[in-house]
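**Student:** The structure follows.
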Amino acid sequence: MRIHEHKREPQNRPGLDLSGLDLAKLPRHVAIIMDGNGRWAKKRGLPRSLGHREGVKTVNRIVRIASDLGLKVLTLYAFSTENWKRPEKEVGILMDLLVEFLTNQLEELHRNGARLIVIGDYKSLPARVVGAVDAAVEKTRGNDGLIVNIALNYGGRGELVQAVKALAAEVKEGRLDIGGIDENTLSRALFTRDIPDPDLIVRTSGEMRLSNFLLYQGAYAELYFTPVHWPDFTEQDFVDMLAEYQSRGRRFGGL
Ligand code: IPE
Ligand code: IPE
Ligand code: MG
């Protein structure tokens, strides 16, 4: 295994209370619906764009703590297929921030052994976004630390539609037998084929809905909702949330 020389120990983080957390029983995959940037800004009389900018700072903090704690996969819902309904200017700002994040954070991600991957139809985004994503994916491809999975131009229903089309084409070409289609076949046709299903789906800012996020993969995810707006979400909030997850009894339909 590769040694990440610059890996920090979460225990040595001043001010962070890990006493309620069992580091040996972390969820493998935490998926976050980062919501509330706009409301955070509105509350302060600021433009929504500043809320998004502040939200990127939270992304940096949470990626770092997730990596330090030794989490395997962190999925971040950055842009949904429904977010195209927003004003063009806001969409442009979100794209710019994404490019900025991928560019500015790439060295640090790489240094910490993180691997960046993307789910969603990102290839149809502006060329500057596609370029930044491809560069980040390429540079971090060989890393074996935290997988930072960005859901970008992602929608769960659209993902299922493309999976069904891909499987139908395989059947038509005689490469797949209908009777052989099972849940694994479908899982492997999803964008998430290389990562485990989320153990925990989190949404900030008080809304209690999935907004088209990981519909198939989240079948048995624990759900966690917090009223905190994404820009205000701290490392301690993340740790406390993991501790709360550890107090749940997951039964998967059994006893
Ligand atoms: C989440 O914050 C960021 C994205 C959807 C990209 P919002 O922009 O949805 O913030 P609210 O919900 O308007 O407060
Ligand atoms: C979900 O948030 C999408 C992302 C966080 C990227 P939205 O703010 O777009 O969701 P709705 O519109 O409140 O359902
Ligand atoms: Mg929102």
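The values are calculated or read from the model by the stated rules, or taken from the named source; none is laboratory data. Since the structure is predicted, the reported quantities are computational estimates derived from the model, not experimental observations. Backbone-built Cβ (ideal geometry, glycine too); neighbour counts: all protein chains shown. Heavy atoms of the whole protein, side chains included, go into the accessibility calculation; ligands, DNA and RNA do not. Shrake-Rupley method; radii C 1.70, N 1.55, O 1.52, S 1.80 Å.
**Student:** As an exercise, find the ratio Rg/Rh for the chain from alpha-carbon atoms, using the Kirkwood inverse-distance average for Rh. Please list the in-between numbers first.
**Tutor:** Values: Rg = 18.6 Å, Rh = 19.3 Å.
Using only Cα positions, Rg/Rh for the chain is 0.97.
**Student:** Then there is this: Over the residues of region 5-79, compute the C-alpha Rg and express it relative to 2.2 N^0.38 Å.
**Tutor:** 1.31
**Student:** Something else about it: Take V56, V164 and sort them by solvent-accessible surface of the protein heavy atoms, 1.4 Å probe, largest at the top.
**Tutor:** V164, V56
**Student:** Working from the pairwise distances between different alpha carbons, so that the mean of 1/r is found and then inverted, what is region 78-179's Kirkwood radius in Å? Let's see the in-between values first.
**Tutor:** Values: mean 1/r = 0.0656 Å⁻¹.
One decimal place: 15.2 Å for the Kirkwood radius.
**Student:** Let me ask something else about it. D197: accessible area at probe 1.4 Å, nearest 10 Å²?
**Tutor:** Here the residue's solvent-accessible area equals roughly 80 Å².
**Student:** What does the charge count around I119 come to, taking other residues whose C-beta lies under 13 Å from its C-beta (Lys +1, Arg +1, Asp -1, Glu -1)?
**Tutor:** The answer is -2.
**Student:** Can you give the Rg and Dmax of region 125-253 based on its C-alpha atoms, in angstrom?
**Tutor:** Just the Cα atoms of region 125-253 yield Rg and Dmax of 17.8, 53 Å.
**Student:** Counting only protein heavy atoms and a 1.4 Å probe, tell me what percentage of the chain's accessible area is made up of carbon and sulfur.
**Tutor:** The value for the chain is 53 percent carbon and sulfur by accessible area.
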